[in-house]
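For reference, the structure discussed in these notes is given below.
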Amino acid sequence: MGRMGSVPAHRQYRDLRALALQGDEKAVHQLRKLARTAETHARVGELRKRERRAWQEVRRAASALRDHDVTGPLIQQALRTMDVPEEEVQAFAQAWSARRVKLLGELILPERVPRLPEAPGRKRWERFLAVEAARVQVTVPPRDGRVRAEEWHDWRKALKRYRAVLELRQRSPEALVTLLNLLGESQDAQTLLELAGREPLLAAYRPGLVRAAQLQRRLARQAAWQQWGSLAEELP
C-alpha cells in the first residue's frame, strides 16, 4: 500500500508539490487526489494520527486553489449560455485569473509527507470496506425533492471513501465511477449556485446564474438517483 501506482506516494508528492507551487493547474488537481487517497491508505494501514494529519493538511491546502480552478470555467460556460457578450465573459476570466495569483501566493505545502504503510491483509480490508459501505447506505439523501446540499455532499464523500478503500485491492465498477461523476456535476452546480449568491463579480448576472445552476443540479441529481438504483445492490 506504500505504493500508489508504480511510484511511492511520498515521491509522487515531492514532484507534484514542486509543480503545484509553480502554479501548474493539473498538478494541483493531482495533488489533492493523491492526498485524499493517501489519507484512506494511512487510515486502513493504521498509520499514526499525526502522520495521517500531514496528508490531510495537504488535501486542505490544495482544495481552495483546485475549487477556484474548477469554478472559473463553469461560470464562463454559464455566462455564455445566458448570451452574455464575450467581452464581458473575458473580463470575468481576467478577474478570476488575478484572484488565482493571490491564492497561489497563499498556498503552503509541507516539504515532506510520511511514507504509507504496507498493504493490509484481505480480512482487514474487507472489514474496512464493510464499514465504508454501511456509511454510504446511511448517508443516502431522502428522495423527497427538498434541497439538502450538505446531505448530498456527505453522500458523495462517503462514496469516495468507499471507492478509495475498494481500490486498495480491486478496480471500481463502472457504475460507481459514473455515479461519482454525476455527483461531481451536482456539486459543481451547487458551488456555482453559492458563488452566484455571494460573489461581487457575478452580481449583475445573479438571477440567470441561479436558474442555470438549479437546473444543472436537478438534472445531475436525477441521473445520480437512477445510477444509484443499479449500484446499491452491488455494495457488500
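The table below gives the values:
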{"item": "Listed residue (A61, A27, P73) projecting farthest to the positive dipole end of segment 1-79, Cβ model", "result": "A61"}
{"item": "Student exercise, segment 102-236 dipole from Lys, Arg, Asp, Glu Cβ charges, in Debye to nearest 20", "result": "180"}
{"item": "Over segment 119-235, equivalent-ellipsoid semi-axes from the Cα gyration tensor in Å", "result": "32, 14, 12"}
{"item": "Only Lys, Arg (+1) and Asp, Glu (-1) charged, at Cβ; segment 8-115 dipole about Cα centre in debye", "result": "1000"}
{"item": "Whole-angstrom gap from segment 128-148 to segment 169-236, using each part's C-alpha centre", "result": "15"}
{"item": "Efficiency of FRET between V210 and E167 - r from beta-carbon atoms, R0 30 angstrom, step 0.05", "result": "0.25"}
{"item": "Residue-averaged 222 nm ellipticity for the chain, from DSSP H runs of 4+ at -39500 (n - 2.57), nearest 500", "result": "-25500 deg cm²/dmol"}
{"item": "In segment 136-166, trypsin sites (Lys or Arg not before Pro) in a DSSP loop with at most 16 other beta-carbon atoms within 10 Å", "result": "R143, R146, R148"}
{"item": "Spin-label pair R143/A175, simplified geometry with 7 Å Cα→Cβ offset, distance in nm", "result": "1.4"}
{"item": "Heavy atoms of V84 accessible to a 1.4 Å probe, total area in Å² rounded to 10", "result": "20"}
{"item": "Distance (nanometres) between label positions extended 7 Å along Cα→Cβ at D24 and K102", "result": "2.7"}
{"item": "Nearest 10 degrees, 0 to 90: helix 86-105 Cα axis against the chain principal axis", "result": "40"}
{"item": "Charge dipole magnitude, Cβ of K and R +1, D and E -1 - the chain, Cα centre, debye nearest 20", "result": "1160"}
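The values are calculated or read from the model by the stated rules, or taken from the named source; none is laboratory data. Not measured: the values here are computed from a predicted model. Methodologically, a virtual Cβ is constructed for each residue, glycine included, from the backbone with ideal geometry; neighbour enumeration extends over all protein chains shown. Remember, those area values only see protein heavy atoms, side chains included, never the ligands or the DNA or RNA. Shrake-Rupley method; radii C 1.70, N 1.55, O 1.52, S 1.80 Å.
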